[in-house]
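Each remark here refers to the structure printed beneath this line.
The values are calculated or read from the model by the stated rules, or taken from the named source; none is laboratory data. Bear in mind that the values here come from a model prediction, so they are computed numbers and not experimental data. All Cβ positions, glycine included, derive from the backbone under ideal geometry; neighbour counts span all protein chains shown.
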Amino acid sequence: MISYREAGFIQRFSAEMHENTRELPFYRGGPAVDYTNALHAYALNATLLFDPERAPGEILRRGPSDVAEVLLVERASGHGKIGTFSDVTGYIDTFRGQDEQFDPVRHTLREELETECGFTEFNMIDFHAGIPTVEQRTRNPKARITIMPVLGLCHERPSIEINTDELASYKWVGLTAIKATEQLEAGYRRVSLPSALGIVGLTGDSLARFLG
């Protein structure tokens, strides 16, 4: 379901997460851990991109066209600033499944898209993981959070049915219009979206062409 750049990456990533979180208590009995007082947390940012002019394979080779658009969701609850727009986010807080091949990133991606966006059409999207970034947590300046960017290249624009307990609204916004979009969550245009677009090779001037 998710393509990783390096063989064995998810096994190494899972081992790191387990080492940094094995002392944490469970959240409401588990299986997720409680990151409330954690010095190191893990999360993902999932960006869905649809390009009516280029199929996912072509986007990987050439990047998105000028008419490509991304899904923005408006936060209605949680740790993000309510009323701001960003990608779909969630803590990667479940590390062990029923088998050794359990993928915590895949698990979180499916869970967040299903619960927040009523999403079921996973076969319509090619998911690719990028390079994680490490940032300061907002609640504790001594704590850090590792964020995994995931880019979903849509074969068709998927249908969305938001969970109003977590999201207030959603919209598809053209990449060329992002720089003029209001109410973006702090860090979305500076960190989250560039990290996702870097997966298809957009950096430097090619990135600035869209984001300014």
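For the stretch 92-117, which positions are over 12 Å from the mean Cα position of the chain (by Cα), surrounded by 14 or more Cβ atoms within 10 Å (Cβ to Cβ), not aromatic (Phe, Trp, Tyr) and not in a helix (DSSP H, G or I)?
Matches in the stretch 92-117: ASP93, THR94, ASP103.
If you go through the stretch 21-57 one residue at a time, how many are modelled with pLDDT of 95 or more, hydrophobic (A, V, I, L, M, F, W, C) and farther than 16 Å from THR146 by Cα?
Result for the stretch 21-57: 4.
Can you name every residue in the stretch 155-178 that is assigned to a loop (DSSP other than H, G, I, E, B) and either closer than 22 Å to SER3 by Cα or not hydroxyl-bearing (Ser, Thr, Tyr) (or both)?
Of everything in the stretch 155-178, those that are assigned to a loop (DSSP other than H, G, I, E, B) and either closer than 22 Å to SER3 by Cα or not hydroxyl-bearing (Ser, Thr, Tyr) (or both) turn out to be HIS155, GLU156, ARG157, PRO158, ILE160, GLU161, ILE162, ASN163, ASP165, GLU166.
Would you confirm whether any residue within the stretch 179-187 is of a type in the set (A, V, I, L, M), over 27 Å from PRO52 (Cα atoms) and part of a loop (DSSP other than H, G, I, E, B)?
Within the stretch 179-187, one or more residues are of a type in the set (A, V, I, L, M), over 27 Å from PRO52 (Cα atoms) and part of a loop (DSSP other than H, G, I, E, B).
What number of residues within the stretch 29-43 satisfy the criterion of being surrounded by 12 or more Cβ atoms within 10 Å (Cβ to Cβ) and either touching a residue at least 60 places away in the same chain (Cβ under 8 Å) or of a type in the set (Val, Ile, Thr) (or both)?
Selection size over the stretch 29-43: 9.
With the structure loaded, tell me whether ARG190 is charged (D, E, K, R) and either under 23 Å from ALA55 (Cβ atoms) or surrounded by 13 or more Cβ atoms within 10 Å (Cβ to Cβ) (or both) or whether it fails that test.
Numbers: charged (D, E, K, R): yes; either under 23 Å from ALA55 (Cβ atoms) or surrounded by 13 or more Cβ atoms within 10 Å (Cβ to Cβ) (or both): no.
So ARG190 fails the test.
Every residue, every condition in (1) modelled with pLDDT under 90; (2) polar (S, T, N, Q), yes or no:
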| residue | (1), (2) |
| --- | --- |
| ALA76 | yes, no |
| LYS81 | yes, no |
| SER86 | no, yes |
| THR89 | no, yes |
| ASP93 | no, no |
| GLY97 | yes, no |
| LEU109 | no, no |
| GLU121 | yes, no |
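Just for the stretch 163-187: of the residues that are closer than 19 Å to GLU74 by Cβ and of a type in the set (Ser, Thr, Tyr), which one is surrounded by the fewest Cβ atoms within 10 Å (Cβ to Cβ)?
THR164
Mind listing whichever residues of the stretch 1-28 are touching a residue at least 12 places away in the same chain (Cβ under 8 Å) and either assigned to a loop (DSSP other than H, G, I, E, B) or among the hydroxyl-bearing types (Ser, Thr, Tyr) (or both)?
Within the stretch 1-28, MET1, SER3, TYR4, ARG5, SER14, THR21, LEU24, TYR27 meet the criteria.
Please work out which residue is surrounded by the most Cβ atoms within 10 Å (Cβ to Cβ), limiting yourself to the stretch 118-138 and to residues that are in contact (Cβ under 8 Å) with a residue 60 or more places away in the chain and not in a strand (DSSP E or B).
GLY130
Does the stretch 142-154 include one or more residues that are under 16 Å from the mean Cα position of the chain (by Cα) and in a loop (DSSP other than H, G, I, E, B)?
No: the stretch 142-154 contains no residue that is under 16 Å from the mean Cα position of the chain (by Cα) and in a loop (DSSP other than H, G, I, E, B).
Determine, yes or no, whether TYR35 is closer than 26 Å to TYR188 by Cα, among the aromatic types (Phe, Trp, Tyr) and in a loop (DSSP other than H, G, I, E, B). I'd like the intermediate steps shown before the answer.
Numbers: closer than 26 Å to TYR188 by Cα: yes; among the aromatic types (Phe, Trp, Tyr): yes; in a loop (DSSP other than H, G, I, E, B): yes.
In short, yes.
In this structure, is LEU60 at pLDDT 90 or above, in contact with a Pro (Cβ under 8 Å, 6 or more places away or on another chain), outside any loop (DSSP other than H, G, I, E, B) and among the aliphatic types (A, V, I, L, M)?
Spelling it out, it is not the case that LEU60 is at pLDDT 90 or above, in contact with a Pro (Cβ under 8 Å, 6 or more places away or on another chain), outside any loop (DSSP other than H, G, I, E, B) and among the aliphatic types (A, V, I, L, M).
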